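Report on one structure; see the data block that follows.
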Ligand SMILES: [Zn+2]
């Protein structure tokens, strides 16, 4: 099984393994530093750190402990890099500002908006930054051509950090990629061209490729996949994009830039077969041309670095072994991007290659009694799937079931179709273009959707996942240095299969908790009760919120299928339904009963699945120790405003009562009062209706309810300006200040002895004691 070439690869890289450990140490730093940190350092900590590091320097002389000064040094260097980036970002202006710059990328359609990059020339502090810029796709005037110098007054929006209780670090990543502000214009007319377009050579090349691509006669699916594979254009159809993003294998490829590496490696191998000389040069040249056409985005740079390392290593007969080439490429990237360790693409690319290069043989050794000669090919397909499994669980909340099969079917297709599609953009050949389009349509409509089954994995208890991640690094190290790996391989496989079998790690909830997830403008509530399965009320506005909800379920340790209640058929509540249903099993879905002739749920429905159950006033059920009761709608309505049909839920648990109003308005609240609600209860929580708008939370209703805590899901800086000051005044009169989801980055309220504990996604904690004299 062990060829001379692979033995040499390993032997020549054996002494270089401290590099990988140092890199791993550096990658943990952006997870430990707070995201909101402004980069100010306490001088004495820096001095102490430098002193501690200098004490380890004598270890550099011995081979065995060289890893200690190396890891401490690289981690310290990364820390200083993060501080510098944070100080730089904190000093940048935000808010409304007059700016000048140049359109620096072709316009790309994303949903209902066109997106490009604006390379700024003024004001001075922003000079050289290329910030993401979007305008509505349906404008009166087309936006200025790429390369046009423009002047505009725009709001520079800072990137929002993720809730502290979620495995996301968007602010670090934005700082690292030097795109820490975003500009959303309401019209392209707000940009004033100050001269004729003068695109750079690179931009001209990209625009040319884009124009030639757009002229190809392609169906919608083929167009989406063709653009994504060959030119890195995100698919226009959200459904295609979702499938891409969720299917694991493709995700690892495109997000991490590995498709560039893959294509370069395949070209190099082909070239070597055909003419034996110049294979490395040819493959590097092809990689550079490809990157220039796609645009040098962060993942593309990474993929290119790794492709070059591979080509050089191979052409030197592995005198530059993969351990050195790969880790040097990643190390170089890290020096320029200190937050790289917080980038899913960076980590996934690294672990996929660890699995592929060093995990395949130990795995093949395990299965060879069963599979014989097929053991090594199987090991090569299975190892990257297994090695990225813990990372996919931690960063995405699940791993693709069909990862091994997808590696077998999709990887060769991608490696073959990417260069073919690229060549056909430059030189279209009618028959061949049609053939490639047919193959892509089949891949997008049949193959990829068939492989998108996700195994949801709870990561409520972290250490098994971190152990597994570390285990793969240790396995690669041991394998690379020719030590025994069998016991470790068995351990890793058993732990992985065990975690898959138990749907991950998590504990049953100890008390009642309600979390309003920060999904922008919209509702998404996660309700957990002891002894009962989790209930989600609404799914937020779109595929993105569906994906965030899957991550939230995973991080909270939910291992069971979820009961979903959709309060009404509005996009800000049901938009994430289809995506969530692909990512997490739903035990049941319920919606209000309506008398409408047309199905209001059509835009949001998952393509397959049973019809949701209908809810009406009086419906009741129990989940664990909690009793659920539907209070609205009181009968089947067909109303012009779906808010008036919104489900109102009452949840009773011990001495607590939750009122979850959906988007119910004051009219329903007054009807509920007429119907005899809310009745007596000692201690209440109110999820206010309709995002705190003034047409909900009627003073009479709030006074009758007398809540002890109130929660308003409203997006940060939302365009409806929810919640309304009048609503806040209503609550103030009742003696409480509501918790608002967007400005707190999510809110979690749990029932504790003697009160309610509130945790916000910003990291704040509060405790509201129970009222002494309960409502009569
Ligand atoms: Zn709403």
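A compact table of results
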| quantity | calculated |
| --- | --- |
| Relative packing of peptides 428-435, 130-137, 480-487 - highest average C-beta neighbours within 10 Å first | 130-137, 480-487, 428-435 |
| Folded to 0 to 90 degrees: helix 298-315 orientation relative to the chain principal axis, Cα | 20 degrees |
| 0 to 90° range, to nearest 10: angle between helix 543-555 axis and the chain longest Cα axis | 90 degrees |
| Three-way shape call for segment 253-390 based on the alpha-carbon gyration tensor, with the a/c threshold at 1.5 | oblate |
| By average C-beta atoms within 10 angstrom, highest first, the peptides 210-222, 70-82 | 70-82, 210-222 |
| Estimated Rh, the chain: Kirkwood, alpha-carbon pairs, angstrom | 28.4 Å |
| Fraction of beta bridges assigned by DSSP in segment 630-776 that are antiparallel (%, nearest 5) | 65 percent |
| Span from the segment 520-581 Cα centroid across to the segment 664-709 one, whole angstrom | 23 Å |
| Over the chain, relative contact order from alpha-carbon pairs under 8 Å, at least 6 apart, % | 9 percent |
| Burial ranking of peptide ranges 112-123, 166-177 (average Cβ count within 10 Å, highest at the top) | 166-177, 112-123 |
| Alpha-carbon centroid distance for the pair segment 110-181 / segment 6-48, whole angstrom | 30 Å |
| C-alpha long axis of helix 258-275 to longest principal axis of the chain, angle in ° | 20 degrees |
| Segment 340-359 and segment 429-479: distance between their alpha carbon centers, rounded to Å | 13 Å |
| Proxy reagent accessibility, fewest Cβ within 10 Å first, across 597, 669 | 597, 669 |
| Relative contact order, percent, segment 93-199 [alpha-carbon distance under 8 Å, six or more residues apart] | 32 percent |
| Nearest-0.05 FRET efficiency for residue 636 and residue 141, computed from C-beta distance (R0 51 Å) | 0.65 |
| Cα-based Rg / Dmax (Å) for segment 1-103 | 20.1, 65 |
| Three-way shape label, segment 93-199, alpha-carbon gyration tensor, a/c 1.5 | prolate |
| Rounded to 5, percent antiparallel among DSSP beta bridges of the chain | 70 percent |
| Kirkwood-type radius of segment 554-612, with distances r between different C-alpha atoms, in Å | 12.4 Å |
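Bear in mind that the values in this text are calculations on the coordinates, not laboratory data. Values in this document were obtained by computation on a predicted structure and should not be read as measured data. As a convention, Cβ positions derive from the backbone with ideal geometry for all residues, glycine included, and neighbour counts pool all protein chains shown.
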